[in-house]
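What follows is a set of notes on a single structure, which appears directly below.
The values are calculated or read from the model by the stated rules, or taken from the named source; none is laboratory data. From a predicted model like this one, the values you see are computed outputs, not experimental measurements. Please note: Cβ atoms are built from the backbone with ideal geometry, for glycine as well, and neighbour counts cover all protein chains shown. The protein model used for the area step is the full one, side chains on, heavy atoms only, and it has no ligands, DNA or RNA in it. Shrake-Rupley method; radii C 1.70, N 1.55, O 1.52, S 1.80 Å.
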2 protein chains.
Amino acid sequence: MDQDQITRFRNFSRAVAIEIGALEDSFLNRGRSLGSARVLNAIGLGYEDVSDLRAFLDLDTGLLSRLLRGLEAEGLIETNPKPDDRRSRVTTLTPMGVREFEIYEALSDQRAERVLARHADVRHLLDAMDVVTVALSREDIVFEEVDYSSELATKCLNAFAAELSRRLNLIFDLKKSGDPELSQMQHPHGTFVVASLGAMPLGCVGVKGNGGPLAEVKRMWIAPAARRLGLGRRLMTKAEDAARALSITTLRLDTNSTLFEAVSLYKRMGWTEIERFNDDPYPDIFMEKHL
Amino acid sequence: MDQDQITRFRNFSRAVAIEIGALEDSFLNRGRSLGSARVLNAIGLGYEDVSDLRAFLDLDTGLLSRLLRGLEAEGLIETNPKPDDRRSRVTTLTPMGVREFEIYEALSDQRAERVLARHADVRHLLDAMDVVTVALSREDIVFEEVDYSSELATKCLNAFAAELSRRLNLIFDLKKSGDPELSQMQHPHGTFVVASLGAMPLGCVGVKGNGGPLAEVKRMWIAPAARRLGLGRRLMTKAEDAARALSITTLRLDTNSTLFEAVSLYKRMGWTEIERFNDDPYPDIFMEKHL
DNA sequence: CCATTTACCTGACCTTAGTCAGGTAAATGG
DNA sequence: CCATTTACCTGACTAAGGTCAGGTAAATGG
């Protein structure tokens, strides 16, 4: 590995560590230790079981226990035995705890806002940050079949439409092109697969079927920040597996040569070019794969 | 400010905080507290005066003093009164201290290497990290006149040549085009201005003069990671100021329309287009500015 | 020259973080 | 049913981080 690359990484770490230190300092101004604040935050994020908290925060049983007692004494949380296993305990924020949690959230938001406000071209900076976020959190990326009308799917589809419009220099309207297909991209006819990192949509692909052995792959998209990580292949694999499970034996798709990354992926994954099978104006490449 | 942007920033912070925490943990394996390790590191980086250390690490006098005594007791540093002000004290690493410092450096390097090794497309990730580093450390960017043959200048020039070759689709050879001009880009004829962040070159521009009132601006370059921050304008302003100080009254330059960001900057800064004044093959735009 | 300031040190003290050895109550598994 | 395991708690302890009130020696500024 190049020493110059290592230096660049270390410069990055140093620059960001300063920002992170500043955020943690701002947390201390609420008269509570960083440990307590972190536990409160984790509970607010939904880690309510004591065992989940322990795993998430990587804390010793004794230490966590004492931090919980402290928050309890402050009236911020309540802990009760879990109904189905009374050895385990579940914590819940009291109304006061919720307020306090929200204050910390607001502090984090303000901090983020202040840093971003210093920059004229926020989009450019955030695009770079997204690339780093996705790369560093690669292990947490989740691939799942979701409903075509779910919020995550909608986010993906809107981003897909925006990118298609930009790259093909046209106005791609999901309403016109998408809604009629809704039931065909849902079980049992078809499916819709999404890759995401938390609430952040990273990619999608739909399988549009009609109950027969032939189905169509549509809406294949990878977020710019998530490219070059091999997600496209994983997403397509997941879609092909889902199609097989729906007794589909042949998949086909149409695309445009402008979307060269996608076309090259399809080729690498064993798709072959076939004759035009529709008269849509925008696609100029048609492909097929037998499962 | 958009809530979505804030969320993206916060996701970024979280992802990176985990990496940074892991690095600090690896420091603890050497049987020394993080505080001591940080002080040793700072001394190794060149913060030798006790007051500099205090400012850099933001430590209380008492705490720093005790950490220094600890390192002294380990035989890693020596502290002596400063000759010109015997109240102040200067620390120096002993040979053993140097070795220990280098071990920490190696740990950081290994950590960086391990993280980067997990990524197929390291260049892409590092480019994004550079954008973040530069944006977050904007206040530390330094503009200075340097010798045209200095290391920093050479780094800039090589990057400049590489980018020119790429964007104009030719092989731009500094050796042929640069070396004959060396003395003309040095005082008293001309100058060479560099923008940098530590050892990281962010941009450059040369003023090539011959002692007369007319000089030429050449080698204007801004690192990709440093774009959209307004550095080009600051760099050009610095170059124009330096030219004035050298009694230059008119600057001119040639460039290529492919380098549209530069051309638009020159126009915004009051440069006007003039007739071709040389017969070089690559430039197609010629400009002038009276100081 | 001497009061004041500056730079650093020392000792006393406190909080936080973290570890570990028990202990209790509930669940589990023959 | 009972030994064992699991989930959590408590108390004792240590190390590290951090604050503060003096104290000393050197420099400074009328």
*Between the label point of B:Pro281 and that of the same position in each other copy, find the distances and list them shortest first in nm, with every label point placed 7 Å from Cα along the Cα-to-C-beta direction.*
4.3
*In debye, nearest 20: dipole of the protein assembly as shown around its Cα centre with unit charges on the Cβ of K, R (+) and D, E (-)?*
200 debye
*Would you kindly calculate the mean projected area, averaged across all directions, of the convex hull enclosing the Cα atoms of the protein assembly as shown, in square nanometres?*
35.9 nm²
*Would you work out the relative contact order for segment A:140-290, in percent, from Cα pairs under 8 angstrom that are 6 or more residues apart?*
19 percent
*Cα centroids of segment A:222-277 and segment B:2-51: how far apart, whole angstrom?*
41 Å
*Would you look at the GNM of chain A, springs on alpha carbons closer than 10 Å, and say which of A:Arg123, A:Arg32, A:Arg86 moves the most?*
A:Arg86
*Provide the per residue accessible area, probe 1.4 Å, for chain A, rounded to a whole number of square angstrom.*
50 Å²
*When the Debye formula is applied to the Cα atoms of chain A, each taken as the same point scatterer, what base-10 log of I(q)/I(0) results at q = 0.07 Å⁻¹?*
-0.40
*Provide a whole-number value for the mean count of partner chain Cβ atoms within 10 Å of the Cβ atoms in peptide B:106-116.*
4
*What is the dipole size for chain B, taken about its Cα centre, with +1 at each Lys and Arg Cβ and -1 at each Asp and Glu Cβ, in debye to the nearest 20?*
460 debye
*How large is ³J(HN,Hα) for each residue in segment B:162-170, as worked out from phi by the Karplus curve 6.51 cos²θ - 1.76 cosθ + 1.60 (θ = phi - 60°), to whole Hz, x for Gly and Pro?*
5, 5, 4, 4, 5, 6, 9, 6, 9
*When only Cα pairs under 8 Å and 6 or more residues apart are kept, what is the percent relative contact order across chain A?*
10 percent
*Cα-Cα pairs of segment A:114-210 separated by more than 20 Å (percent)*: 50 percent
_Residues with amide H under 5 Å from that of B:Ser88, placed H, sequence gap 5 or more_ = B:Lys82
*In the Gaussian network model of chain B, springs joining C-alpha atoms below 10 Å, which of B:Thr191, B:Thr92, B:Thr154 carries the largest mean-square fluctuation?*
B:Thr92
*Once you have a ≥ b ≥ c as the square roots of the Cα gyration tensor eigenvalues for segment B:140-290, tell me rounded if a/c is under 1.5, and otherwise prolate or oblate according to whether a/b is larger than b/c.*
rounded
*Estimated FRET transfer efficiency (B:Ser264, A:Glu151; beta-carbon r; R0 60 Å; 0.05)*: 0.90
*Where is the GNM fluctuation largest for chain B (alpha-carbon springs, 10 angstrom cutoff): B:Ala55, B:Ala128, B:Ala112?*
B:Ala55
_Residue-averaged 222 nm ellipticity for the protein assembly as shown, from DSSP H runs of 4+ at -39500 (n - 2.57), nearest 500_ = -16000 deg cm²/dmol
_Using a 1.4 Å probe on the protein heavy atoms, what percent of the accessible area of segment B:64-147 belongs to carbon and sulfur?_
49 percent
*Using a simple charge model, +1 on the beta-carbon of Lys and Arg, -1 on the beta-carbon of Asp and Glu, nothing else, what dipole does segment B:3-118 show about its Cα centre, in debye to the nearest 20?*
320 debye
*Would you mind listing the distances between the B:Glu74 label point and the same position in each other copy? Use 7 Å along Cα-to-C-beta, nm, one decimal, shortest first.*
3.4
*Considering every residue in B:19-25, what mean count of other chain Cβ atoms within 10 Å of its Cβ is obtained?*
3
*Cα-Cα over 30 Å: which of B:Lys155/B:Lys238; A:Lys155/A:Lys208; B:Lys82/B:Lys238; A:Lys208/A:Lys267?*
B:Lys82/B:Lys238
*Under 5 Å between amide H atoms, partner at least 5 residues away or on a different chain: which partners does A:Ile274 have, H built in plane at 1.01 Å?*
A:Phe286, A:Met287, A:Glu288
*Under 5 Å between amide H atoms, partner at least 5 residues away or on a different chain: which partners does A:Gly203 have, H built in plane at 1.01 Å?*
A:Ala195, A:Ala223
_Pairwise FRET efficiency - B:Asp284 versus A:Glu105, Cβ, R0 = 60 Å, nearest 0.05_ = 0.65
*How high is the relative contact order of segment A:3-118, in percent, with contacts defined as C-alpha pairs under 8 Å that are six or more residues apart?*
23 percent
*Pop out the ³J(HN,Hα) list for segment B:253-266 in order, Karplus 6.51 cos²θ - 1.76 cosθ + 1.60 with θ = phi - 60°, rounded to Hz; leave Gly and Pro as x.*
7, 10, 7, 10, 5, 5, 8, 5, 4, 5, 4, 5, 5, 4
*Can you give me the P(r) profile for segment A:3-118? Cα pairs, bins 10 angstrom wide beginning at 0, each as a whole percent.*
12, 38, 28, 16, 6, 1
*What's the extension gain from B:Ala22 to B:Thr61 if we count 0.36 nm per residue and subtract their Cα-Cα distance?*
11.2 nm
*What are the nm distances, shortest first, from B:Ser264 to its equivalents in the other copies, labels at 7 Å along Cα→Cβ?*
2.8
